[in-house]
Each structure stands twice: as structure tokens, then as C-alpha cells.
Amino acid sequence: MIATCQRIEVYGNAKCSCSAPVKDVGVEALFRLGELAAGLHSAVLGEAQVLGQVRSGLSDASPAVQRLFACAIGAARRLRAEAEFAGHTGHLLDAALANEGGAAGGSIAILGAGVVGRLVVARAVELGFEDITVFARKHPETLADLPGLRCLPFASLEDVGDIDVLVSCVGASAGELSVKTLPRVNRFALDLGTPRTIPPGGVPRIVTIAHLMANESVPERRAELRTRLRELIAERMHAERADRNSHIGRMRFEVEVIRRQEVGRIQRLHPEIPATTVEAITSALVNQILHRPSERLRSLDDPVLGERFASLFAAESDLTMEAQR
């Protein structure tokens, strides 16, 4: 199961009779997973956080399903490298400002100091908001050194005077905020909660993720990237079929499944480590460990030895995958 800020999706290798409104079967499910990992369904095109969320969600999958995932995630990583995405969730603030036809500046209040809240704070600083206040249930020490920033307890929100922009980054467990606790907002509020956390009538203008995606200026870009991703997945599937005919290819593929499981586990235990760092370190380590045995197996050209060696890493055969969301 993959749970991100905006969606819950379930991937498996059996038919499902659940009431999910959309279901993708077979290779379409694989394409869907690749698009998700590449950030093509994110509000900020190509945002990096979703790749780690996908890896974490898939880390407990069976070896057979992991084998299918590896193809889609590898293609997603390749697409990310080609596209050179630079955006993150904090850039939704840019989109909201553009949507409302205004420039950055003045005062901004940010509710929540989790991952999304910190990204919005960092972007507000970069955009040039002069007065930035973060309201959090716990003091966000990681933000303490940013210039022009105040960190206040959530309970003091109703005592704040007028602000220009309000951004809600609180999680779904917080529920809908009370109108009585909201400060007076002069320009607009950006609600990044799913479901929404700012009640209607609480502020004069509420901008949601749905508004931003409906009015985005790059829908053609998303379509082009989806087409390219499908090409990359098809290439990897073809290469995998050819490679798995060799003993070394089969062995390395099964090791890659294990590596990806461990990457997901590391990211759950240490979310403070960037996903790209975990990926780079584990990939380099596996490649270094397997390089010399792989070269020796090739030089020996001993089919019996190669078969016995590859069988040590054997997993289940490919299975059909279905996705629900």
C-alpha cells in the first residue's frame, strides 16, 4: 500500500473486489506505479518526496511483486534524471500566488511544521516574505535559524492579528480547523490538507490543491513525460527479459529486489536522510560487492556453476499485478 499526502493506492498480484473507483490491471498498473514514482501525478510536477514514499510503501511487498516494481521505479528514476525536476511541495506556494495574481511579500502564517510545513517555510523565505510565523504543536527546532521567522504554539493562533497569506500544512488527523481560531486573512489561504482543513467561510478566499492542478500551465508537459516514461518502462521490460536468460542477470536482479526492500526500510527508520542519498549509497555498495564475482563467473564460462550460483538468489516467477486507487 502506498500512502502519500494526496492518495492511497494498493498494488498486488491478485484480483480485487474492493470498491476502488479506478483500477489498473497488468502493464497499465506498472505504468501507473512508474508515473506515481516519477512525480507525474503530484501537484508539483516531479516533486522528489513521492519517490521515497513509494519506496517505503512497497518495501514489504513479496519478491515477485518487488521484481515488477523494480522495472517501473528504475524507469521513473531515469525519467527524473532526464527531466531534471527541481520542484518540491513548497513550490505550491508559487502556484497559489500565480493563481491569485499576486506577488510574494508581506506576512505569512504556516500551520504545521512537518515535512510539508518545513518545505513551505523554506520557499516563503526564498520568495521574500518579510514576516513568517509557524504555528506548531511542537517547537520546530530545525527552523529556528531562519531569518525573520517566528515559531509559536498552535494554541496561540487565535491571538494573532491580521496576516496576508495563510497556509495550512497540518495532517488529516488534525481535522477541520475552527473558524473562531483562524486569524484575519487579507489575501488568501492555501489549504494543502487532504481532506481540507480550512473551513468554508473562515477566510475570504481558499486555494486548494485541486484548484492548482485544474489551473496548472503544464498539462502538455505531463502528457509528454507520461509517453516518455512508458517508453522507458517498455525498454526495461525488454532488457530484463533478455538479461534474465543469463545466470548473472538473474542473480543481480534478485539482489536488486532485496536492495530496494532495504532502501524502503531505511527510509522508514531514518526519514531525515534524503532518498537520493540512500539510493546512491546502497546502489554503489551492491555494485561493488557483486562486480568481482560477476566478472569471474563470466570468465569461467561454466553454465553449471552459474546456474547453481544464480539459484541461491531465486525468487518466485513473475505474476500479474493489479492496482487500485
Reachable lysines, given that their alpha-carbon falls under 25 Å from the alpha-carbon of Lys15 and they are not under 8 places away in the same chain: Lys23
Average silhouette area of segment 1-44, convex hull of alpha-carbon atoms, in square nanometres: 3.4 nm²
The chain: DSSP helices with Cα axial extent of at least 24 Å and average Kyte-Doolittle hydropathy no lower than 0.0: 63-83, 275-300
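Order by neighbour count: Leu166, Leu285, Leu157, fewest other Cβ atoms within 10 Å first, most last.
Leu285, Leu157, Leu166
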Neighbour-count order for Arg230, Arg260, fewest beta carbons within 10 angstrom listed first: Arg230, Arg260
The chain - charge dipole about Cα centre, Lys and Arg +1 at Cβ, Asp and Glu -1, debye rounded to 20: 640 debye
Nonlocal amide H pairs with Val134, under 5 Å, H built at 1.01 Å: Ile110, Arg150, Cys151, Leu152
Label-reachable residues, segment 48-63, where backbone N falls under 13 Å from a point 7 Å from Asn13's Cα toward its Cβ: 61-63
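When the helix-only estimate is applied to the chain (DSSP H runs of n ≥ 4, each -39,500 (n - 2.57), divided by the residue count), what is the mean residue ellipticity at 222 nm, nearest 500 deg cm²/dmol? Walk me through the intermediate numbers first.
On the way: 10 runs with 152 residues, N = 325.
Dividing the helical sum by the residues of the chain leaves -15500 deg cm²/dmol.
Provide the net charge surrounding Arg222, with neighbours chosen by a C-beta distance below 12 Å and charges set as Lys +1, Arg +1, Asp -1, Glu -1.
Net charge in that neighbourhood comes out at -1.
Hey, got the dipole for segment 208-266? About the Cα centre, +1 on K and R Cβ, -1 on D and E Cβ, debye to the nearest 20? Present the calculation step by step, with values, prior to reporting the outcome.
Details: 13 positive and 10 negative charges, 36 e Å.
Result for segment 208-266 is approximately 180 debye, rounded to the nearest 20.
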Volume in Å³ per residue [convex hull over Cα atoms, computed for segment 247-310]: 68 Å³
Set of lysines with alpha-carbon distance to Lys138 below 26 Å, sequence-local pairs under 8 removed: Lys180
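Can you give me the orientation-averaged projected area of the convex hull built on the Cα atoms of segment 101-204, in nm²? Please list the in-between numbers first.
Working: hull surface 24.4 nm².
With the hull built on Cα positions only, its mean projection is 6.1 nm².
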Fraction in percent of alpha-carbon pairs per bin - 5 Å, segment 91-133: 6, 24, 33, 27, 9, 1
Charged-residue dipole, Cβ positions (Lys, Arg, Asp, Glu), segment 101-204 about Cα centre, Debye nearest 20: 260 debye
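Hey, what's the Cα Rg ratio for the chain versus the globular rule of thumb, 2.2 N^0.38 Å?
Rg over 2.2 N^0.38 Å, computed on Cα atoms: 1.16.
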Summed residue charge, Cβ within 13 Å of Asp301's Cβ, Lys/Arg positive, Asp/Glu negative: -1
Potential extension, Ala3-Val304 segment - 0.36 nm per residue separation minus Cα distance: 103.9 nm
12 Å beta-carbon shell around Ser156, net charge (K/R +1, D/E -1): 0
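Read-outs throughout are calculated quantities, based only on the coordinates presented, and are distinct from any laboratory measurement. For clarity, every value in this text was computed on a predicted model and none was experimentally measured. When we count neighbours, we look across all protein chains shown, and the Cβ atoms used for this are built from the backbone with ideal geometry, even at glycine.
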